[in-house]
Amino acid sequence: MKRFVIVALVTLSGCATSQEVWGGRTQTREVQGVQAAAVRYFADNYDPADYLGEPQALCLVLGRPEWSLDRDALQRSARTDEMNPTPAFLSSLKNVRPRVVPIADCVWGEDLSEILKDSGERAIALGVSHPRWVTPNLARFTVSLRENPRKRFGFQCSASREPEGWRVRQCI
C-alpha cells in the first residue's frame, strides 16, 4: 500500500507542475502566435486617419494574464520598459509595415497624438491582450488602438489556428 501511495504522489506532483500543452506546443508559444497574428492583422487592415499623416510605426504593448497592461499603457503618456514586448517577439514581426516598436519608444506629442520618442514621427499605439482560450484552436482577445484622444478604439477579436498558423477571424 505504501508503494502505491508514493507512486500516486509522484505522478500527481508531476502533473501539477507540467505546463499546459496544445498538440506539442507550449502555452507561451500559442499566446505569442495569437498576439503576432493580431499585430499583422491590424497592420494590414487598420485605416489610419489621413489628417494625422502616415504612421511610421506601431507602438506595441502586450497584455499579460495577471494584468491589463495593454490598456493601461495606452492611457498613459509615459511608458516604462516593463511594458515592452520581448526583443524575440519584436524580431518575429520585423517584416510588418509600418514597423513594430516597443511601447516605451512612443510618447504623446504636443497635440496628444502618438509619436516616436526619438524622431517625433507619427505612430499608432497598439495593445493586444492576453488571449482567453475557448478551445485549443480558438482564442478570444481584445485590441486597444490609439492615434490621439479622438481616434482611439477597442476591439473584441477571435483567432483560430489554421494549418499555416494563427489567423484572426473577426474583430468588432
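Since every read-out is calculated from the coordinates, none of them should be taken as a lab result. Not measured: the values here are computed from a predicted model. Cβ: placed from backbone, ideal geometry, glycine included. Neighbour counts: every protein chain shown.
Figures for the structure shown
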quantity: Residue (of V100, V128, P48) at the positive-pole extreme of segment 23-171, dipole from beta-carbon charges; calculated: V128
quantity: For segment 29-98: Kirkwood Rh in Å [reciprocal of mean 1/r, alpha carbons]; calculated: 13.4
quantity: For segment 69-77, 3J(HN,Hα) per residue [Karplus equation, 6.51 cos²θ - 1.76 cosθ + 1.60, θ = phi - 60°, Hz, x = Gly/Pro]; calculated: 4, 4, 6, 4, 5, 6, 8, 10, 7
quantity: Other-chain or far-sequence residues with amide H under 5 Å of E121's (modelled H); calculated: L116
quantity: Relative contact order (%) - segment 23-171, alpha-carbon pairs under 8 angstrom, separation at least six; calculated: 25
quantity: Convex hull of Cα atoms in segment 44-172, direction-averaged projection (nm²); calculated: 8.1
quantity: Charged-residue dipole, Cβ positions (Lys, Arg, Asp, Glu), segment 14-172 about Cα centre, Debye nearest 20; calculated: 440
quantity: Neighbour-limited loop hits for GluC sites (Glu not before Pro), segment 94-172 (at most 10 other Cβ within 10 Å; DSSP other than H, G, I, E, B); calculated: E110, E164
quantity: For A57, residues with placed amide H under 5 Å, excluding near neighbours; calculated: I124
quantity: Among 148-154, 58-64, 40-46, the order from most to least packed when residues are scored by Cβ within 10 Å on average; calculated: 58-64, 40-46, 148-154
quantity: Karplus-derived 3J(HN,Hα), 6.51/-1.76/1.60, for each residue of segment 40-53, Hz, glycine and proline x; calculated: 4, 4, 6, 5, 7, 10, 7, 9, x, 5, 5, 5, 8, x
quantity: Table column - 3J(HN,Hα) (Hz), segment 129-144, Karplus curve with 6.51, -1.76, 1.60, x for Gly and Pro; calculated: 6, 6, x, 10, 8, 8, 9, x, 10, 9, 10, 10, 7, 10, 10, 10
